[in-house]
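Readers should treat all values here as calculations from the given coordinates under stated rules, not as data from a laboratory. Since this is a predicted model, take the numbers as computed values, not measurements. Backbone-built Cβ (ideal geometry, glycine too); neighbour counts: all protein chains shown.
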Amino acid sequence: MSLDESLRRIAAGDMSAFDALYEQTKGTVFYIALSVLRERSLAEDAMQSCFLKVLRFAGRYKEGTNAAAWIGRIAKNEALDLKRRRRREHSVDAGESEYLFPTYDIDESSQLITLARKVLKDGEFAVVMLVAQGYKRREIAAMLALPVPTVTWKYNQAIKKLRHALQE
């Protein structure tokens with residue numbers, strides 16, 4: 001089922017179409033949020049907020065206008081909103097309150113992603129992760145609201161940085 005079809009069915013009240021939409025876009029939404037927030041748990045929170053908004057506003061999507069880009073923009077906006085809210089909050093050191101914040105062993109999908117999160121800027125990380133998800137540069141440009149040449153430049157810069165970091 002296409003994303004357009006899923007969104008149309010969700011807008012009509014058929015929540016069973018959400019499963020297909022989620023499976024097709026979860027990686028994209030997660031990596032966009034992670035590129036902005038740089039923290040897995042926060043990216044998961046933004047991802048949840050994004051999909052709630054998709055459910056709520058599916059009727060506002062104009063069919064045929066690139067559903068992946070529409071969902072990607074929602075993901076980016078949710079991540080930016082969460083980042084702004086977090087700046088206003090006071091942080092608590094998890095080390096001081098370990099009983100409040102138990103540690104879980106989270107399996108990262110690869111050491112390369114961990115390295116990319118460390119050495120790349122937000123925009124570069126987002127572009128690399130979306131390319132890894134199989135999106136074309138023009139699709140990434142639409143999702144991130146950037147010109148295609150900027151996406152290409154960010155991708156090339158990111159690859160250079162990753163090569164340099166891997167050589168060290």
| message | Based on Cα coordinates alone, diagonalise the gyration tensor for region 108-168, multiply each eigenvalue by 5, take square roots, and list the semi-axes in whole Å, largest first. | response | 20, 12, 9
| At Gln111 and Asp81, where each label point lies 7 Å from the Cα along Cα→Cβ, what is the point-to-point distance in nanometres? | 3.9 nm
| note | region 108-168: relative contact order from alpha carbon pairs under 8 Å, six or more residues apart, as a whole percent, is 40 percent
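Which whole-number percentage describes the relative contact order of region 1-89, with Cα contacts under 8 Å and a sequence gap of 6 or more?
35 percent
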| query | What is the distance, in nm, between label points placed 7 Å from the Cα along the Cα-to-Cβ direction at Glu23 and at Arg88? | reply | 3.9 nm
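Mind putting a number on the dipole of the chain about its Cα centre? Charges go on the C-beta only, +1 for Lys and Arg and -1 for Asp and Glu, and I need it in Debye to the nearest 20. Each step should come with its number before you reach the end.
On the way: 27 positive and 22 negative charges, 203 e Å.
The calculation lands at about 980 debye.
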| Members of Lys26/Lys62; Lys62/Lys154; Lys62/Lys160 lying beyond 27 Å, as alpha-carbon distances in this model show | Lys62/Lys154; Lys62/Lys160
| said: Below 23 Å, Cα to Cα, which lysines can Lys161 reach? Residues fewer than 8 away in the same chain don't count. | reply: Lys118, Lys121, Lys136
| Residue separation times 0.36 nm, minus the C-alpha to C-alpha distance between Ile159 and Arg40: what's the value? | 40.6 nm
| message | Through the Karplus equation 6.51 cos²θ - 1.76 cosθ + 1.60, θ set to phi - 60°, convert the phi angles of region 159-168 into ³J(HN,Hα) values in whole Hz; use x for Gly and Pro. | response | 5, 4, 5, 5, 4, 4, 5, 6, 6, 6
